[in-house]
1. Filter the range 102-120 for residues that are modelled with pLDDT under 95 and not in a loop (DSSP other than H, G, I, E, B); which is most open to solvent (accessible area, probe 1.4 Å)?
2. Across the range 121-175, which residue is modelled with the lowest pLDDT among those that are open to solvent by less than 30 Å² (accessible area, probe 1.4 Å) and of a type in the set (Val, Ile, Thr)?
3. Only residues that are charged (D, E, K, R) and surrounded by 14 or more Cβ atoms within 10 Å (Cβ to Cβ): list them for the range 182-196, please.
4. For the range 44-80, what are the residues that are in a strand (DSSP E or B) and either modelled with pLDDT under 70 or of a type in the set (Val, Ile, Thr) (or both)?
5. If you go through the range 89-101 one residue at a time, how many are buried (at least 21 other Cβ atoms within 10 Å of the Cβ) and in contact with an Asp or Glu (Cβ under 8 Å, 6 or more places away or on another chain)?
6. Just the residues that are under 23 Å from the mean Cα position of the chain (by Cα), over 16 Å from residue 176 (Cα atoms) and at pLDDT 95 or above, please, taken from the range 232-249.
7. Mind checking whether some residue in the range 212-224 is surrounded by fewer than 20 Cβ atoms within 10 Å (Cβ to Cβ), within 19 Å of residue 121 (Cβ to Cβ) and among the basic types (Lys, Arg)?
8. Can you name the number of the only condition in (1) among the hydroxyl-bearing types (Ser, Thr, Tyr); (2) at pLDDT below 95; (3) open to solvent by less than 40 Å² (accessible area, probe 1.4 Å) that residue 254 fails?
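The values are calculated or read from the model by the stated rules, or taken from the named source; none is laboratory data. Keep in mind that this is a model prediction, so the values were computed, not measured. As a convention, Cβ positions derive from the backbone with ideal geometry for all residues, glycine included, and neighbour counts pool all protein chains shown. Accessible surface is based on the protein model in full, side chains and every heavy atom, while ligands, DNA and RNA are left aside. Shrake-Rupley method; radii C 1.70, N 1.55, O 1.52, S 1.80 Å.
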Amino acid sequence: MTKRNTQQRRHAIAALVQERGEVSVDELTKRFSTSEVTIRKDLALLETGGLLLRRYGGAVSLPSEMVVEEDAEQVSKRKIAIARAAAERLRDHNRVIIDSGTTTSAMIPLLGNKRGLVVMTNSLNVAGALRELENEPTLLMTGGTWDPHSESFQGQVAEQVLRSYDFDQLFIGADGIDLERGTTTFNELVGLSRVMAEVAREVIVMVESEKIGRRIPNLELPWERIHTLVTDDALSMEARTQIQAKGIALICASSPVDSPRRK
C-alpha cells in the first residue's frame, strides 16, 4: 500500500480497529509501509483521543461500556473543534505554554505538523502526548508540587521556573467564564495560572460555550489578562456581544454536531 499522510493513516487505523476489533503493530507497519515507531505513536495518539486501547504488540477496540454516549460524543466534537481553531494560531518555532485540562490536551494531536516548537507544561498528560508527536517539540516541565485535583504541578517552584522564560502564547482552559469578571475555577490554586499569563504575550482561553456564564467563586484570570477566547459556535449572541465589548478576540469554532444549537 502506498504511503498516506499522517492524518489519513490514523483515520484508517482507527477504522480498521473498529472493524476487526484488534490489530497488531507488525500488521500495521506492513500495511502502511512505515516504521514501528511511527505506528506506536499513531496508536498512542488514537488512544488519547478515545478511539482505541493499546495492548502489548498492538491495539483493540474500546469495550462497549467505555463507548461514550451521544451527548458526551458531541461535547468531544466541540472540544476538538475548539482545539483545531486554537492550534491554527500556533506558528512554527513558537514558544508556548499549554496548561493542564481536557480541552487544551485535545490540541496536542493537531500539532504534529508544527516544527521547532518549545512547549512548557505543568501536566504529565500533556507532556506524554507531546512526546508522541512525529515532530517532537522541545519539552519543558514546570516541576513543583503535584496537585491531584487538577492533575498538574503547582506551587512556588513551578512559578519560579515559569518566570525564568518568556513565551509567545499561553493556551489555558477554565471551569467557567464569568462574563463580568473573567475565567473562574473550582480549584483554589490559581497562582500558577496567573504567572503563566504574566510571562506570555498572548493568553488564549479555550472553553466550551456551555461553561460561559457559569459563576464559580474562584477568579482565575481577569478579562484584562486575556487576549483571545476560543469557544464553539453554540455561544449565544448576547454573550458574544458582551465578550467582544471587552476587547477580547473571540473565535467561535464550528463543530460537526447535528443537534440544535443553544439559543
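1. 102
2. Only one residue fits best here, namely 126.
3. To start, the set of residues in the range 182-196 that are charged (D, E, K, R) comprises 188, 194.
Residue satisfying the conditions is 194 alone.
4. Taking the range 44-80 and keeping what is in a strand (DSSP E or B), we get 53-55, 58-60.
Across the range 44-80, the qualifying residue is only 60.
5. As a first pass, look at the range 89-101 and keep what is buried (at least 21 other Cβ atoms within 10 Å of the Cβ): 96-101.
Next, only the ones that are in contact with an Asp or Glu (Cβ under 8 Å, 6 or more places away or on another chain) stay: 96, 100.
Matching residues across the range 89-101 total 2.
6. Answer for the range 232-249, where residues must be under 23 Å from the mean Cα position of the chain (by Cα), over 16 Å from residue 176 (Cα atoms) and at pLDDT 95 or above: 248, 249.
7. The first filter runs over the range 212-224 and keeps only residues surrounded by fewer than 20 Cβ atoms within 10 Å (Cβ to Cβ), leaving 213-219, 222-224.
With within 19 Å of residue 121 (Cβ to Cβ) added as a condition, the list becomes none.
No, the range 212-224 contains no residue that is surrounded by fewer than 20 Cβ atoms within 10 Å (Cβ to Cβ), within 19 Å of residue 121 (Cβ to Cβ) and among the basic types (Lys, Arg).
8. Among (1) among the hydroxyl-bearing types (Ser, Thr, Tyr); (2) at pLDDT below 95; (3) open to solvent by less than 40 Å² (accessible area, probe 1.4 Å), residue 254 violates only (3).
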